[in-house]
1. Between a residue in the range 109-126 that is crowded, with 17+ Cβ neighbours inside 10 Å and any residue that is aromatic (Phe, Trp, Tyr), which pairs come within a Cβ distance under 9 Å, given they are 6 or more apart or on different chains?
2. Sort out which residues of the range 88-113 are within 13 Å of His72 (Cα to Cα), not in a strand (DSSP E or B) and not basic (Lys, Arg), and write them in order of number.
3. Please tell me if Ala7 is over 12 Å from the mean Cα position of the chain (by Cα) and under 21 Å from Arg152 (Cα atoms).
4. What number of residues within the range 128-137 are of a type outside the set (Val, Ile, Thr) and either buried (at least 16 other Cβ atoms within 10 Å of the Cβ) or within 14 Å of the chain's Cα centre (by Cα) (or both)?
5. Restricting the search to the range 103-123, which residues are within 12 Å of the chain's Cα centre (by Cα) and among the hydrophobic types (A, V, I, L, M, F, W, C)?
6. Testing Arg58 on (1) crowded, with 18+ Cβ neighbours inside 10 Å; (2) basic (Lys, Arg); (3) farther than 18 Å from Thr35 by Cβ, one condition comes back false. Which one is that?
7. Please count how many residues of the range 13-32 are surrounded by 14 or more Cβ atoms within 10 Å (Cβ to Cβ) and not aliphatic (A, V, I, L, M).
8. Would you mind listing the strands (runs of 3 or more DSSP E) fully within the range 1-74 where at least 3 residues are closer than 25 Å to Gly99 by Cβ and in contact with a strand residue (DSSP E or B) (Cβ under 8 Å, 6 or more places away or on another chain)?
Amino acid sequence: MTLGLLASHLPRARVFTGLPALGKEDLLRELIHRTGDTGAFGDCDATTVLRAVLKRERVGSTGIGRGVGIPHCKTPSVPGPVVAYGRAAEAIDFGATDGEPVHSLFLVVSRPEDADMHVALLKAISKAVRDDYYARILRNTADADLLHDLFRDLDGIK
């Protein structure tokens, strides 16, 4: 991963665990609203981001396998790239490519003009979760501080 890429966009305040979810849309709504509550979206309403993410999900599930989803969208309403992580209290059906339920979501929201950064963040997250070691930690860790440390470790930041 590019040094500092994920850590610079994913502060501890946007690492959430124990998210309640009765289904995919509930989980996305909870993650996006909690992220919005941190001020991450600037003046943009979390509902605007939720609509954009759900529109993207209708194109195809962002469940990439191994219990991980990377819901993402581009909207001109946000001040810059935003990344958040949410861990569901219980894994849910997310329509993932491997058919497995999803427990971890990495939300990526960017402006259309930040397309290169958007893609770089998606690639970095995808690459990291394909690693057996990191996938196992995501699957078995529900402590937000430990998860944030993991994300910093992925970036080579101690």
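1. The qualifying pairs are Val109/Phe41; Leu121/Phe106; Leu122/Phe106; Ile125/Phe106.
2. Step one: list which residues in the range 88-113 are within 13 Å of His72 (Cα to Cα), which gives 105-112.
Then keep just the ones that are not in a strand (DSSP E or B); that gives 111-112.
Pro112, the sole residue that qualifies.
3. Working: over 12 Å from the mean Cα position of the chain (by Cα): yes; under 21 Å from Arg152 (Cα atoms): yes.
Answer is yes for this residue.
4. Residues that pass the stated criteria total 3.
5. Of everything in the range 103-123, those that are within 12 Å of the chain's Cα centre (by Cα) and among the hydrophobic types (A, V, I, L, M, F, W, C) turn out to be Leu105, Phe106, Leu107, Val108, Val109, Leu121, Leu122.
6. (1)
7. At the first step, the residues of the range 13-32 found to be surrounded by 14 or more Cβ atoms within 10 Å (Cβ to Cβ) are 13-17, 19, 21, 24, 26-32.
If we keep only those that are not aliphatic (A, V, I, L, M) as well, we get 14, 16-17, 24, 26, 29-30.
Looking only at that region, the number is 7.
8. Numbers: elements: 15-19, 63-65, 72-74.
Here the list reads 15-19.
The values are calculated or read from the model by the stated rules, or taken from the named source; none is laboratory data. This one's a predicted model, so the numbers in the text were calculated from it and none came from an experiment. Every residue, glycine as well, gets a Cβ built from its backbone with ideal geometry; the counts of neighbours run over all protein chains shown.
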